[in-house]
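Working notes, beginning with the structure itself.
The values are calculated or read from the model by the stated rules, or taken from the named source; none is laboratory data. Computed from a predicted structure; not experimentally measured. Neighbour counts are summed over all protein chains in view; Cβ atoms, including those assigned to glycine, are modelled from backbone coordinates with ideal geometry.
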Amino acid sequence: MTQSATPKPLLEVKDLAITFSTPDGPVHAVRDANFTVMPGETVAIVGESGSGKSTSALAAIGLLAGNGKVSSGQILFDGEDIAQASEKRFVELRGNHIGMVPQDPMSNLNPVWKIGFQVKETLKANGLAGDNPNKRVAQVLADAGLPDPETRARQYPHEFSGGMRQRALIAIGLACRPRLLIADEPTSALDVTVQQQILDHLDTMTSELGTAVLLITHDLGLAAERAEKVVVMYKGRVVEYGPALEILRNPKHPYTQRLINSAPSLSAQRGDKHEAIVDEVIPGKAEPLLKVSNLTKVFDIRKGFGKKEKFTAVDNVSFEIPKGTTTAVVGESGSGKSTIAQMVLNLLDKTEGEIIFDGEQIGNLSEKHLFKYRRRVQPIFQDPYGSLDPMYSIFRTIEEPLRIHGIGNAASREKKVKELLDQVSMPASTMHRFPNELSGGQRQRIAIARALALQPEMIVCDEAVSALDVLVQAQVLELLDELQREMGLTYLFITHDLAVVRQIADNVCVMEHGKIVEQGTTDEIFDAPKSAYTRNLLAAIPGASLI
Amino acid sequence: MPENQNFNPEDGLPIRNTRAGKVSKYKIEHYVAPLEETPLQAVDSVKETGKPLSMWAEAWRSLRKQPLFIISTLLIIAVMVVAAFPQLFTSIDPTGNQACLLENSNEPARQGHIMGFNLQGCDIYARTIYGTRASLLVGVFTTLIVVLLGGAIGALAGYYGGWIDTILARLGDIFFALPLILGAIIVMQLPAFRENRSVWTVIITLAIFGWPQLARITRGAVIEARNADFVKASRALGLSKFSALVKHVIPNSLAPIIVVATVNLGVYIVAEATLSFLGVGLPPDVMSWGNDISSARTQLRNNPTMLMWPALFLSVTVLSFIMLGDAVRDALDPKARKGA
Amino acid sequence: MLSFTLKRIVQLIPVFIGATLLVYFLVFATPGNPIAALSGGKPMSPATEAALTAQYNLDKPFWVQYGLYLKNLVTLDLGTSFSGQEVRDLLARAFPVTARLAILALLIESVFGIIFGVIAGMRKGKLFDSTVLIASLLVIAVPTFVLGFLLQYVVGVKLEWAKPTVSGSATWGELILPALVLGLVSLAYVLRLTRTSIIENKTADYVRTATAKGLSRNRVVTVHILRNSLIPVVTYLGADLGALMGGAIVTEGIFNVPGVGHLLYQAIQKGETPTVVAVVGVLVIVFVIANLIVDMLYALLDPRIRYA
C-alpha cells in the first residue's frame, strides 16, 4: 500500500445528477452529489432507502436501470469522465478496474450455472484466466474464505448457504483485482455474526490488494467502523461528508444527528426516560402473564420416496414474562425464535411442553376458549407489506377484529377505529385508504392499531421493526413503548437484532439452534454476558465500540 | 494472509478484533451541506391528498385509458348484443321457412344480402348473425363452469394441502394427459352425448377437460396468498380457517384467475368450432359459426365468402376476449403496482 | 439424475393408468349399451355383437375388462377395424407420418417462436415487438382449421407453391405446409411465453451482476438471460405435444395427410369406437412418455429441480 505523496483521487464525483423517467414524469434521484474516493481508501455512503446512495454508486459502473441516466455532472475514474461513457468502455472497465459486490446473495448468482463457471467466466472476460483456469478459480474462491474450493466450484448456488453465496460473490467481485470495488449493502441480508466475518474478510482482502471500496450501507455504525470516510445522503443530496469517526462523534448536519440518535446500535440502552415503569416491576413479585416451560417443536422433513427426517426447531425452552414487561427472544436465522412466537399465538401446534397464559394451558383449548384467548394475545408481524390484506381498506382492516368478535355496532365500531388510529398517531382520514398507499412504517402502525382493537393483554412482535429504516424503526419502537406505559401491555419481542433489544426489552432470552443459551435481565445480558455465543453476538453489533 | 484472530481459550470461538474504525492517511475535509438545501422533513409523513384507491380502483383507472381495453370491451359488448337480439341486426330470419331458396345457391352479394348466399341459398349474413348466440353460449358457460369447478378444486387443494392436495393434483394430471380435443372427441362419441347433442353437451364436455388448467392456476395463487402474513394475522384475530380462505385468500388469488378465464373464453369458442368442424360438436341444425365454417369447406373454391364471414366474426370475437385478458393482466400485474 | 428419472417414471405410472382408465370408463361404463357405443349406433348382426363382446370381454367384470384392455394396449394388440384390418397395422402405417408432421411442427414452433420471442423481449415496446405481439394474437384468435383452409387456398391453389394436399407417401417436403398450420398457434404461445420470460429475466439481479463482472453484452444475453428464460418454454413445449395431437386431427383432415389424426377422424366419422379407443390409448402413452422426456430436459436445464 504505497502511494505517491500527492495522489490523484481514484474516483471523483462532481455535481452528479441522476434522473429516472417514469410515467408520472422525471424523478430526480440524485442531485448535486460530490464526493471522492482515494486509491485504497474505503468510503461509505450512508442513507435511508430512497436516498440515492445505491443509484450514485451504480452510475459509476454504468449499471443504472434502463429508465435512469446521468443528467448532468461528472464521474471521474482515474481522471477519465465515465458519466456518459459508452457501453463498450464500461465493458472494458468492469471486472478488472471496477468490481461490484451486490446486496442480496440469494438472487445475485445465476441459479442454473455452477459457482466455478460463474467465477471462471469473470476471469476469462477480463483475460485473467491464465493457463489453468480451474486452479485460478479455486484460488480465488479460497481467497474469499471458502473452504474446500475445488468441491465448492463444482456446486450450484442452491447448495450454498447465504454466507457462502456472499463469499462467492466477493470472490467474483475481487477476482480480477479491480482498483475500485462497489459494495452495495454486501451483508445486510446476513446474520450479524456472519456479517462480521465477511466484512473482516473483505477488509483484509481489499487492503492486501490495495483496492478502494465504495461501501453502500444504511447502517451508520457499520460505516464508521469500516470506512475512513463517510458520505451521508438524504433525499438525493449529499448532506455531509468527512472522516468517519468525526462524523459519528461530532455530526454537524441535523439529519446526520437524527440518524445517529435513532440508530439502535449507537444509542443508549432502555433509558432513563421510562425508568419509572421498570422500577414498578420487581422481579419475582410480579405475576407472570405468560409461562413457557419445556417447550419443544419437532418438524418432519420429507426426504423423498416417503422418507422422513426429524428436525427439532425448538428444544426444551422455558421462560416467563411478568405482566407489563417486555421479554425479547433473540437469535439468528434458524434459531427457532419465530417458531416460539407461532406456538404462543397458537398458530402452530407444540410437540411437547407447556404454554400457560394467565394460569390457563394453551394448546388444548376448546374452540370457544381459543376464541377468547385470541382476544387477549395479538401478533404484529415482520413484513409491513405482507401483514395487511391489500384488498382491505384501512378501516376494514382495523374493524375486522371487532367484527369477528361481534363488538359494538357500525357507528361505535367506526368511532373505535378513529380512536385507534389516533392512538398510533395516524390521521383519521387514513381510514379510507388502502395499504398500497402507505409506507412501511405507516403499515406497521396500522398493524399495531389492528392488534390493539381487541384491547389485548399481550402482543407478540415477530421481527416487527426489522424491515424498517432506522428513523422509522425508532418511531415505531417509541410508539410501542408509549402504548406499554399507557395500557400496561406485555410484549413478547422476537428479533435478530440485539441492538434493538437494548432499547425495548426488560428481559432477554438468547437462542441458538432451538435452545436458550442464556437468559436474564437486559442489563445482565449486555453488561456481563455469560455464554460465548452471547458475547459473539454482542461483539458483532457494528459500531457499538466506537462511542 | 495475516488474520490476527484471537480465540477464546474456554470454547475455542474466535474473539473479534476490536474494530476501532479507520483513520485515513489523507486529510479529509468535513463538509456540511447548508440546511436550506435539504430541509429536514417529518419522518414518515402521511399522504393526505388525493383520492384513496383500492387495488381494483387503481387497475380500473389504468385500464380505462388503455386503447386495447376500450376496443376489446366495445367489441365484446357488441357481440353480446348481437347474441341476445339477433333480430335487431337483420330482417331475415334464417330459421324461417322462406329463409333459404335453392335458386339463390352460391349467389354473390346483392342489395339486401351483403354477404351473398351459401350452397343451400341461405343468406350468409343472417346465418352469421344468428350463429353468434351458440358460440357465445358455449364460451361463457364453459368458462363459468370451469372457473367454479376448477377454482373450487384448486383453492381447496392449495389451501388445505396434505392428502387432499395430493389426490386432486394426481386427478388433474390424469385429465391433463388427455388433450382437450381428443378427450372431447371421445366424450362426444358416448351414446349419452351423441344422442342428445346440443349446446349443453358441448359445454359439459369442454368443461370436463378444461378444469384442470384453471385448478392448477388457482392452486398456485392460493398457495402464495395462504402464506401471507395477513392471513396469519386474521387467524390470530380469531377468524376460522375457512373464513380466512373466503375473506382473505380467495380475493387475493382472483387476479390470475380472471386473466386466464378471459383468455380461455376465447379458446373455448375456438374449441367448439373445431369440434363442430370435426362433426362431433354442435348438432348440424344448430346455427353456429363452427357449423357454417365446416359446411363452407367443400365450397371453398367456388364460394370462399361462405368461409370468410363466419370465420371473421369468430376470430374478431375470440381476439376481443384475448385482448381483454391481456389488458387486464397488465393492469393487475403486481410488479407494476405501486408500493408492492 | 438417475434417481430423479426413476422417481419421475414411478410418478407417471398412476397418471398413465388413470388416463387409460378414464378413457375406458367413459366408453364402457357410462349409461347406455357399450355394444351400441362400439357400433356407433348402427344396427348390427348378432354375430358381430358376439364378436365385439368377446373382443372387449364385455361378459366379464369391469376391472377384468380394463385389465385386459391395458394388457392389449401395452402389447399393442389393438384388435381389428370394421373393415377387418388390424388396427395395429393401420397405426403402423399412419404413425410415422404423424411423427414426421409433429416433429416438423415442433421444430417450426420452437425455432421461430423462440427467436421471435427473444427479439421481441429484448426490444420490448419497439416496433418489432408490437408487430409480433399483434400477429401472435391474430394467430391465436383464428381457428386452426380456418388458417389451414386459408393457407391451403392461397399457397396451394392460388400461388401453387405447394401441393394443396399430401400424397400417400407423405414426404417431409410435402408436410411442411401442414406442419406450419399445425404449429402456428403453438408458435404464437411459445413466442409470447419466451417474450415474457426474457423481459422478466432481463432485469434479474444475477443478470446485473453478470454485467458488472465485465462480460460482453452478447455473453450476458446468451449465457445468462437465454438459458434461464428457456426453462418455462421447454415445459410448455412438452405439454403442447398433447395439443399438437389434437390439432393433427384437424390439420390432417384438411391436407389429406394419411396419419393418425386422419385415421382417428375417419374412425369417428364411421362411428368405429373400438379403433378410436385403441388409438387414443396409444396417444396417451406417447404423451406420457413425451412428458417424461420434457421433465428430464427440464432437470438438465435447471439444476434446482434435480435435487428437489
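Taken together, the criteria place B:Ser234 among residues that are in contact (Cβ under 8 Å) with a residue 12 or more places away in the chain, in a helix (DSSP H, G or I) and either at the interface with chain A (Cβ under 10 Å from one of its Cβ atoms) or among the basic types (Lys, Arg) (or both). Restricting region C:63-111 to residues that are assigned to a helix (DSSP H, G or I) and among the charged types (D, E, K, R) leaves a set whose member that is nearest to C:Tyr189 (Cα to Cα) is C:Glu109.
Inclusion of A:Pro111 among residues that are surrounded by fewer than 19 Cβ atoms within 10 Å (Cβ to Cβ), of a type outside the set (Asp, Glu), under 29 Å from the mean Cα position of the chain (by Cα) and at pLDDT 90 or above is warranted. Among the residues of region C:198-208, none qualifies, meaning not one is under 30 Å from A:Arg94 (Cα atoms), surrounded by fewer than 21 Cβ atoms within 10 Å (Cβ to Cβ), hydroxyl-bearing (Ser, Thr, Tyr) and facing another protein chain (nearest Cβ under 7 Å).
Please specify each residue of region B:192-231 satisfying the condition of being more than 8 Å from every other protein chain (Cβ to nearest Cβ), more than 27 Å from the chain's Cα centre (by Cα) and in a helix (DSSP H, G or I). Correct list: B:Phe193 only.
Does B:Ser276 satisfy being away from chain A (no Cβ under 13 Å) and either part of a helix (DSSP H, G or I) or not small (Gly, Ala, Ser) (or both)? Against the criterion (away from chain A (no Cβ under 13 Å) and either part of a helix (DSSP H, G or I) or not small (Gly, Ala, Ser) (or both)), B:Ser276 qualifies. Can you find a residue in region C:77-91 that is at pLDDT 85 or above, in contact with a Leu (Cβ under 7 Å, 6 or more places away or on another chain) and within 29 Å of B:Leu314 (Cα to Cα)? No, region C:77-91 contains no residue that is at pLDDT 85 or above, in contact with a Leu (Cβ under 7 Å, 6 or more places away or on another chain) and within 29 Å of B:Leu314 (Cα to Cα). For region B:51-85, the set of residues classified as facing chain A (nearest Cβ under 8 Å) and not in a helix (DSSP H, G or I) consists of B:Pro52, B:Leu53, B:Ser54, listed by residue number. B:Gln213 meets each of the listed conditions (1) among the polar types (S, T, N, Q); (2) surrounded by fewer than 21 Cβ atoms within 10 Å (Cβ to Cβ); (3) touching a residue at least 12 places away in the same chain (Cβ under 8 Å); (4) out of contact with any Gly (no Cβ under 9 Å at 6 or more places or on another chain) apart from (4). Residue pairs whose Cβ atoms lie under 6 Å apart, separated by 6 or more positions or on different chains, with the first residue in region B:41-67 and within 15 Å of B:Arg329 (Cα to Cα) and the second of a type in the set (A, V, I, L, M, F, W, C) and buried (at least 17 other Cβ atoms within 10 Å of the Cβ), are B:Ala59/B:Ala331; B:Ala59/B:Leu332; B:Ser62/B:Ala331; B:Leu63/B:Phe69; B:Leu63/B:Ala331; B:Gln66/B:Ala327.
B:Ala169 fulfils the conditions (1) within 11 Å of chain C (Cβ to nearest Cβ); (2) within 22 Å of B:Val318 (Cα to Cα) except for a single criterion, (2). For region A:207-219, what are the residues that are touching a Leu at 6+ places or on another chain (Cβ under 6 Å) and within 12 Å of chain B (Cβ to nearest Cβ)? Within region A:207-219, A:Ala212, A:Val213 meet the criteria. When the residues of region A:220-247 are filtered to those that are facing chain B (nearest Cβ under 8 Å) and aliphatic (A, V, I, L, M), the one that is surrounded by the fewest Cβ atoms within 10 Å (Cβ to Cβ) is A:Leu245. Within region C:64-95, being over 20 Å from C:Ile285 (Cα atoms) and in the same structural domain as C:Ala19 (by TED's automatic domain parsing) holds for one residue alone: C:Val64. Restricting attention to region C:164-194, the residues that are surrounded by fewer than 22 Cβ atoms within 10 Å (Cβ to Cβ) and within 12 Å of C:Thr144 (Cα to Cα) add up to 1.
Among the residues of region A:340-375, the one identified as in contact with a Lys or Arg (Cβ under 9 Å, 6 or more places away or on another chain) and aromatic (Phe, Trp, Tyr) is A:Phe357.
Report yes if some residue within region B:107-128 is buried (at least 23 other Cβ atoms within 10 Å of the Cβ), aliphatic (A, V, I, L, M) and assigned to a helix (DSSP H, G or I); otherwise report no. Within region B:107-128 (the criterion being buried (at least 23 other Cβ atoms within 10 Å of the Cβ), aliphatic (A, V, I, L, M) and assigned to a helix (DSSP H, G or I)), the answer is yes, since at least one residue qualifies.
Residues in region A:385-414 that are at pLDDT below 90 and facing another protein chain (nearest Cβ under 9 Å): A:Tyr385, A:Gly386, A:Ser387, A:Pro390, A:Met391.
Taking the conditions exactly as written (buried (at least 21 other Cβ atoms within 10 Å of the Cβ) and either touching a residue at least 60 places away in the same chain (Cβ under 8 Å) or more than 7 Å from every other protein chain (Cβ to nearest Cβ) (or both)), does B:Val259 satisfy them or not? Spelling it out, B:Val259 is indeed buried (at least 21 other Cβ atoms within 10 Å of the Cβ) and either touching a residue at least 60 places away in the same chain (Cβ under 8 Å) or more than 7 Å from every other protein chain (Cβ to nearest Cβ) (or both).
Screening region B:234-250 for residues that are surrounded by fewer than 21 Cβ atoms within 10 Å (Cβ to Cβ) and β-branched (Val, Ile, Thr) and picking the one that is nearest to A:Pro390 (Cα to Cα) gives B:Ile250. Every condition in (1) assigned to a helix (DSSP H, G or I); (2) within 13 Å of chain A (Cβ to nearest Cβ); (3) crowded, with 20+ Cβ neighbours inside 10 Å holds for C:Gly214 except the one numbered (1).
Let's see how each residue does on (1) of a type in the set (D, E, K, R); (2) at pLDDT 85 or above; (3) under 28 Å from B:Phe277 (Cβ atoms):
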| residue | (1), (2), (3) |
| --- | --- |
| B:Leu137 | no, yes, yes |
| B:Val146 | no, yes, yes |
| B:Ala152 | no, yes, no |
| B:Leu168 | no, no, no |
| B:Ile181 | no, no, yes |
| B:Met188 | no, no, yes |
| B:Asn196 | no, no, yes |
| B:Ile204 | no, yes, yes |
| B:Gly210 | no, yes, yes |
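Can you find, within region C:266-308, the residue that is farthest from B:Arg194 (Cα to Cα) among those that are among the hydroxyl-bearing types (Ser, Thr, Tyr) and surrounded by fewer than 21 Cβ atoms within 10 Å (Cβ to Cβ)?
C:Tyr307
Answer yes or no as to whether A:Val91 is at the interface with another protein chain (Cβ under 9 Å from one of its Cβ atoms), in a helix (DSSP H, G or I) and within 26 Å of C:Asn218 (Cβ to Cβ). Criteria met by A:Val91.
For A:Leu76, state whether it is in the same structural domain as A:Val213 (by TED's automatic domain parsing), more than 27 Å from B:Asp44 (Cβ to Cβ) and in contact with an Asp or Glu (Cβ under 6 Å, 6 or more places away or on another chain). Break it down stepwise before answering.
Working: in the same structural domain as A:Val213 (by TED's automatic domain parsing): yes; more than 27 Å from B:Asp44 (Cβ to Cβ): yes; in contact with an Asp or Glu (Cβ under 6 Å, 6 or more places away or on another chain): yes.
Yes.
Specify which of the listed residues (B:Ser315, B:Ser253, B:Ser288) is buried (at least 20 other Cβ atoms within 10 Å of the Cβ) and at the interface with chain C (Cβ under 10 Å from one of its Cβ atoms).
B:Ser315
Residues that are of a type in the set (A, V, I, L, M) and at the interface with another protein chain (Cβ under 7 Å from one of its Cβ atoms) within region C:224-248 comprise C:Ala243, C:Met245, listed in sequence order. Could you go through region B:174-182 and let me know if any residue there is within 7 Å of another protein chain (Cβ to nearest Cβ), under 23 Å from B:Tyr160 (Cα atoms) and touching a residue at least 24 places away in the same chain (Cβ under 8 Å). Looking for residues that are within 7 Å of another protein chain (Cβ to nearest Cβ), under 23 Å from B:Tyr160 (Cα atoms) and touching a residue at least 24 places away in the same chain (Cβ under 8 Å), one finds none in region B:174-182, hence no.
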